[in-house]
1. Search the stretch 15-38 for residues being within 20 Å of the chain's Cα centre (by Cα) and part of a loop (DSSP other than H, G, I, E, B), and hand back the single one that is surrounded by the fewest Cβ atoms within 10 Å (Cβ to Cβ).
2. Does R239 satisfy the condition of being of a type in the set (K, R) and under 20 Å from A119 (Cα atoms)?
3. Out of (1) in a loop (DSSP other than H, G, I, E, B); (2) out of contact with any Leu (no Cβ under 6 Å at 6 or more places or on another chain), the odd one out for L212 is which?
4. Exactly one condition in (1) in a strand (DSSP E or B); (2) in contact with a Phe, Trp or Tyr (Cβ under 8 Å, 6 or more places away or on another chain) is not met by A62; state its number.
5. Would you point out which residue out of I218, I177 is in contact (Cβ under 8 Å) with a residue 24 or more places away in the chain and either at positive phi or not basic (K, R) (or both)?
6. Report, by residue number, each residue of the stretch 241-277 that is out of contact with any helix residue (DSSP H, G or I) (no Cβ under 7 Å at 6 or more places or on another chain), closer than 13 Å to L77 by Cβ and of a type in the set (D, E, K, R).
7. State which residue is surrounded by the fewest Cβ atoms within 10 Å (Cβ to Cβ) when the search covers only the stretch 49-83 and only residues that are closer than 13 Å to V251 by Cβ and not charged (D, E, K, R).
8. Does P12 satisfy the criteria of being touching a His at 6+ places or on another chain (Cβ under 8 Å), modelled with pLDDT under 95 and surrounded by fewer than 20 Cβ atoms within 10 Å (Cβ to Cβ)?
Amino acid sequence: MPNIELTRYPNPSTYRQIAANVWDHPYDPHVYGSLEVRAEKLQAWIAAKRESSGEKVTVSHAVARALAMIIAKHRDLNSLVRLGSLYQRKDVDIFMQIVVEDAEHIGKTDLSGIKIKNANTLDVVAMGRMIRERALKIRAGDDAEFNQTKKGLAGLPGFLIKPVLRFLDFLQYTLNINPKFLGTPGDPFGSAMVTNVGVFGLTVGYAPFFPLARTPIIVTLGTIEEKPLVVDGQIVIGRVLHINGTFDHRVVDGYHGGVVAREMKALLENPERLDELGV
């Protein structure tokens, strides 16, 4: 007796025949979700922070702060998959992606980032200062860690890059050995990533997981735009921030994603709560 009653697909198109052979069975654990947040209070709060501190606080910093608070509150989110089991991280570290532009060649534009250690213990001003100072070093070519990583990979032939990266992944996550003695940073991406494509004019964007990061959450910010909203049965024009998320379904399911979305919206629409350190 067959497991499933089947008949052959009738008259498949050329595309269907190619597609059936090009792709493997789906093993990708990505889950995606989007959220819209009213941004008027958030923008006013950011403007006040800039004026009082002199630091260029941004929406990205506010979202990173909110995400760190949420992960610190719900420690199940601060996990990674190792040896077929889930392990929880002790620290809440947020990785902020930055672009290192090349004025002459778009193909040479590099992508880097900054891991904010214990981000749940920092306010947005301290976070913004740390990111600005480190970003200036990276873009000026003065960041030792970034330069060491680039130098190490640049010296390898293409066919060796993948096995070397796989070895580093095995060393630092499967064996849990810090690879610092090899001149490479350990756990460079941390608990979650935040990236902003809104600065490039994109409203919606979903970032892929870097296979060697073991980071189960990536938050991608889109643009802030004016759009019609229904408030108390009336249509009003409001400013809306688009937030998009990529989640590792092995760690974060739909229930967890809903918790993150609700709490992210509550924090960003009441941004004074982001000042609650120790959360």
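1. Filtering the stretch 15-38 for residues that are within 20 Å of the chain's Cα centre (by Cα) and part of a loop (DSSP other than H, G, I, E, B), the one surrounded by the fewest Cβ atoms within 10 Å (Cβ to Cβ) comes out as D28.
2. It is false that R239 is of a type in the set (K, R) and under 20 Å from A119 (Cα atoms).
3. (2)
4. Evaluating A62 over (1) in a strand (DSSP E or B); (2) in contact with a Phe, Trp or Tyr (Cβ under 8 Å, 6 or more places away or on another chain) leaves (1) as the failure.
5. Step by step, each of I218, I177 is checked, and only I218 is in contact (Cβ under 8 Å) with a residue 24 or more places away in the chain and either at positive phi or not basic (K, R) (or both).
6. Matches in the stretch 241-277: D248, R250, D253.
7. Within the stretch 49-83, the subset closer than 13 Å to V251 by Cβ is 71, 74-82.
In the following step, the residues that additionally are not charged (D, E, K, R) were identified as 71, 74, 77-81.
Values: I71: 25, H74: 13, L77: 24, N78: 24, S79: 20, L80: 19, V81: 15.
Filtering first and then ranking leaves H74.
8. Details: touching a His at 6+ places or on another chain (Cβ under 8 Å): no; modelled with pLDDT under 95: yes; surrounded by fewer than 20 Cβ atoms within 10 Å (Cβ to Cβ): yes.
In short, no.
The values are calculated or read from the model by the stated rules, or taken from the named source; none is laboratory data. All figures in this text were calculated on a predicted structure; none of them were measured in a lab. A quick note on method: Cβ atoms are made from the backbone with ideal geometry, for glycine too, and the neighbour counts reach across all protein chains shown.
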